[in-house]
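One structure below.
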Amino acid sequence: MPATGDPAERKTTYREAMREALRDALRADERVFLMGEDVGRYGGCFGVSLGLLEEFGPERVRDAPLSESAFVGAGIGAALAGMRPIVEIMTVNFSLLALDQILNNAATLLHMSGGQLPVPIVIRMTTGAGRQLAAQHSHSLEGWYAHIPGLRVLAPATIADARYMLAPALADPDPVLIFEHGGLYNTSGDLPADAGPVDIDHAAIRRPGTDVSLITYGGSLPKVLAAADDLARGGISAEVVDLRTLRPLDDATLAGSVARTHRAVVVDEGWRTGSLAAEISARLTENNFYDLDAPVERVCSAEVPMPYARRLEEAALPQVAGIVAAARRAVGPEPFTVGAGAPYQDGKAAG
Amino acid sequence: MSATTPRARKPRARPKKQPAHVPALLASMLRIRRFEERCVELYSAARIRGFMHLYIGEEAVAVGVVEALTDEDAVVSTYREHGHALARGVPADAIMAEMFGKATGCSRGRGGSMHLFDASRRFYGGNAIVGGGLPLAAGLALADRIAGRNRVTCCFFGDGAFAEGEFHETANLAALWGLPLLLVCENNLYAMGTALERAQAQTDLAMRAASYGMVSWAVDGMDVLAVEDAARRAAEGVRAGSGPHFLEMRTYRFRAHSMYDPDRYRDKAEIERWKENDPVERLAGRLRQSGELTDEALAELEQRVADEIDAAVHSAEQAPEEPVEDLLRYVTSPVEEAS
Ligand SMILES: Cc1ncc(C[n+]2csc(CCOP(=O)(O)OP(=O)(O)O)c2C)c(N)n1
Ligand SMILES: [Mg+2]
């Protein structure tokens, strides 16, 4: 559907890619409309929908009052009645005011009605920390949503995914949540000319490797890729797996990666306890136990409401150094080779 | 103007004679104004980060309302709370240090601009979830009711919050239980980029609040004396046991919603019109006319305020950062030593 026809790669930003995806969707299907706080006249609190009101008018780019429960619920109702709403919630923190509608209606209506009432809604929201916004604007709660049967949960981490994940999300007959990490909007890069609709059933291998699998998603992907570069300089070949879809998880791709590398590090900006990282670690242990040569490592956010002060916030979040250290722990000490240095000096272990 | 609705009760006309504390109100408003102007400079210099929302233009509301409260009363605020905090007596240097993310900040660097707290002054904080402070304020008031303490809990919130379920649920609950709550809606006509008439089916907020069975007035929020007068009467009513009172403060923010906001949704002429009603200049003009304020006195006041802010910035700069080792502090309460 969204074939661009552009012959070559095109420079763009994550924000613009998302906007292009919205524009495509609004053009392609009369039933699609965008609804949320400040999506119209303001252009979206992060500028994603800037210009769409002018192009599509206030019926299809609909500003809603501050009333998360009401407008998310209204989106669900409109979906029941045949529309294809895209509802924007400014950030995941505010989605908690609509959690009742998302869980008790969107995720359950199909089942409760014995299959009569599918809810084809897409709900987009920003997630994540890193901008010193403190404890009511910074949390990564997508793992909570990934807990809920009936939902599909997506986390576009690249410009191409920002551009081409929305169409398959809209094509899904069931509710889809899209989590956009706030730190990604300004990233710029090339949109590959051959990019097309994203396969939202599968994780993506962003970098192949042989020694350790670094499994991540969303806003942590750039950090994990940087960690993989760092590890490569130290002679460790890391494979980077981008989950893309947090629910349902793509066990097969994870299994394939771990079968190659025998070691896994999960990087997740959510809190460690009860996290998505915990779920992945559990699955790898259940499904791939005999492929693993080391315990699964997790790099998550510290278990603290996100602090404002820069140093504290940095310390609370997964960082490249911590990812590298976890990967090194998983890979273990370099194998002992005769003549490669003195393993014992003065009777003490050298390291 | 003291605009009211037919159904809302109208506060008595302001007394002609201005009380002696009026110059203090001016000083308090000017202090908030200059403090925030400095914050803008510091934000541009990247000394302050995160989201920062300015109160410039709305100073009369915080100053007039807090003037009507006692030290025993409680204040619950929003993310646009520098003015509320300063008026409440949270020291300027503790606020500045907080915005610098320093250990001496009023929230020990954890909160930043949107989360100023001072339990010793019963300032229950900046809340960055729109409407999030309202149920909490009802709970503070409920505790006072149960304990038989005659105190007022004052909750500030915006016109945007008026659209949230949390407002309507709280208003009903507070009116039903007769809670000692003073609800102060700062109607600055915009919720971020959304104008009041594009978010509210009925824009007369005081009238709607009255429908919950509360005493409810609309007030000229650009006139600190009108604000103070209405707040005093409302607080008296609350103290006298007649349940929650609602004040719609008609005001305007002169600056953008936050430091990130390009402010594309308002007519510049509209902003200029409201600036003609600048609460600081309005009161200064009035005091000048009545001979209560001379140029020298104003210059002296400006100097005093500038000195205080300079000192606050200086001490914030010198203050230590919270050590990273303390990252996990205050997540749960410390275990009490057995006594
Ligand atoms: C529940 C919730 N939804 C959305 C936001 C984002 N947001 C922050 S301030 C704001 C506007 C609030 O307007 P209003 O209540 O009128 O207060 P004002 O900013 O005008 O003082 C919005 C939409 C939020 N912080 N919390
Ligand atoms: Mg407002």
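The values are calculated or read from the model by the stated rules, or taken from the named source; none is laboratory data. From a predicted model like this one, the values you see are computed outputs, not experimental measurements. For neighbour counting, all protein chains shown are included, and Cβ atoms are generated from backbone atoms with ideal geometry for every residue, glycine included. Please note that ligands, DNA and RNA were not included when accessible areas were found on the heavy atoms of the full protein model with its side chains. Shrake-Rupley method; radii C 1.70, N 1.55, O 1.52, S 1.80 Å.
Observations, loosely collected:
- Candidate set: the range A:121-136, residues that are within 14 Å of chain B (Cβ to nearest Cβ) and among the polar types (S, T, N, Q); chosen: the one most open to solvent (accessible area, probe 1.4 Å): A:Q136
- When the residues of the range B:165-190 are filtered to those that are in contact with a Pro (Cβ under 8 Å, 6 or more places away or on another chain) and of a type in the set (D, E), the one that is surrounded by the fewest Cβ atoms within 10 Å (Cβ to Cβ) is B:E169.
- Note on the range B:241-339: enclosed helices (runs of 4 or more DSSP H) holding 3 or more residues that are free of Cβ contacts under 8 Å to residues at least 24 places away in the same chain and open to solvent by less than 100 Å² (accessible area, probe 1.4 Å) are B:268-275, B:295-318.
- Test for A:P118: is it assigned to a loop (DSSP other than H, G, I, E, B), buried (at least 24 other Cβ atoms within 10 Å of the Cβ) and away from chain B (no Cβ under 14 Å): no
- Restricting attention to the range B:161-207, the residues that are away from every other protein chain (no Cβ under 13 Å) and assigned to a helix (DSSP H, G or I) add up to 10.
- Residue within the range B:134-152 that is within 12 Å of ligand 1 (Cβ to nearest atom) and either on the phi > 0 side of the Ramachandran plot or at pLDDT below 95 (or both) present: no
- If you go through the range B:177-201 and keep only what is more than 16 Å from ligand 2 (Cβ to nearest atom) and closer than 18 Å to B:G158 by Cβ, you end up with B:L181, B:L182, B:A201.
- Residue in the range B:283-299 that is within 14 Å of chain A (Cβ to nearest Cβ) and either at pLDDT 95 or above or under 20 Å from B:E59 (Cα atoms) (or both) present: no
- A:H111 crowded, with 20+ Cβ neighbours inside 10 Å and either touching a residue at least 60 places away in the same chain (Cβ under 8 Å) or out of contact with any Lys or Arg (no Cβ under 8 Å at 6 or more places or on another chain) (or both): no
- Among the conditions (1) out of contact with any Phe, Trp or Tyr (no Cβ under 8 Å at 6 or more places or on another chain); (2) under 19 Å from B:E248 (Cβ atoms); (3) more than 10 Å from ligand 1 (Cβ to nearest atom), B:G178 misses just one, which is (2).
- Taken together, B:M249, B:M207, B:M222 contain a single residue that is away from ligand 1 (no atom under 16 Å from the Cβ) and not charged (D, E, K, R), which is B:M207.
- Residue that is assigned to a helix (DSSP H, G or I), modelled with pLDDT of 95 or more and open to solvent by less than 10 Å² (accessible area, probe 1.4 Å), where the choices are A:A259, A:A227, A:A232, A:A278: A:A227
- Screening A:Y344, A:Y290 for residues that are surrounded by fewer than 20 Cβ atoms within 10 Å (Cβ to Cβ) and at pLDDT 95 or above leaves exactly one candidate, A:Y290.
- Boolean, B:S211 is more than 20 Å from B:N150 (Cα to Cα), more than 16 Å from ligand 2 (Cβ to nearest atom), open to solvent by less than 10 Å² (accessible area, probe 1.4 Å) and of a type in the set (G, A, S): no
- Annotation for the range A:153-162: no member residue is within 12 Å of the chain's Cα centre (by Cα), part of a strand (DSSP E or B) and not assigned by TED's automatic domain parsing to the domain that holds A:A98.
- Where B:R122 falls short, out of the listed (1) touching a strand residue (DSSP E or B) at 6+ places or on another chain (Cβ under 8 Å); (2) buried (at least 24 other Cβ atoms within 10 Å of the Cβ): (2)
- Among the residues of the range A:95-108, those identified as touching a residue at least 40 places away in the same chain (Cβ under 8 Å) and either surrounded by fewer than 23 Cβ atoms within 10 Å (Cβ to Cβ) or of a type outside the set (G, A, S) (or both) are A:L96, A:I102, A:L103, A:A107, A:T108.
- Within the range B:131-160, the set of residues being open to solvent by less than 40 Å² (accessible area, probe 1.4 Å) and either within 14 Å of chain A (Cβ to nearest Cβ) or within 16 Å of ligand 2 (Cβ to nearest atom) (or both) comprises B:G131, B:G132, B:G133, B:L134, B:C155, B:F156, B:F157, B:G158, B:D159, B:G160.
- Residue within the range A:188-210 that is hydroxyl-bearing (S, T, Y) and without any contact (Cβ under 8 Å) to a residue 60 or more places away in the chain present: yes
- For the range A:24-40, filtering for residues that are of a type in the set (D, E, K, R) and either in contact with a Gly (Cβ under 6 Å, 6 or more places away or on another chain) or within 14 Å of chain B (Cβ to nearest Cβ) (or both) leaves 2.
- The conditions of being away from chain A (no Cβ under 14 Å), more than 21 Å from the chain's Cα centre (by Cα), within 26 Å of B:C106 (Cβ to Cβ) and of a type in the set (A, V, I, L, M, F, W, C) are met by B:V313.
- Residue within the range A:265-273 that is among the polar types (S, T, N, Q) and crowded, with 20+ Cβ neighbours inside 10 Å present: no
- Summed over the range B:51-106, residues that are over 25 Å from A:R310 (Cβ atoms) and not in a helix (DSSP H, G or I) total 13.
Here's the yes/no breakdown for (1) open to solvent by 40 Å² or more (accessible area, probe 1.4 Å); (2) closer than 19 Å to A:I121 by Cα; (3) of a type in the set (V, I, T); (4) in the same structural domain as A:I123 (by TED's automatic domain parsing):
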site	(1), (2), (3), (4)
A:M18	no, yes, no, yes
A:A21	no, yes, no, yes
A:A25	no, yes, no, yes
A:F33	no, yes, no, yes
A:E37	no, yes, no, yes
A:R41	yes, no, no, yes
A:C45	no, no, no, yes
A:G51	no, no, no, yes
A:D63	no, yes, no, yes
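- Annotation note: of B:G109, B:G125, the sole residue that is farther than 21 Å from B:E67 by Cα, within 11 Å of another protein chain (Cβ to nearest Cβ) and not in a strand (DSSP E or B) is B:G109.
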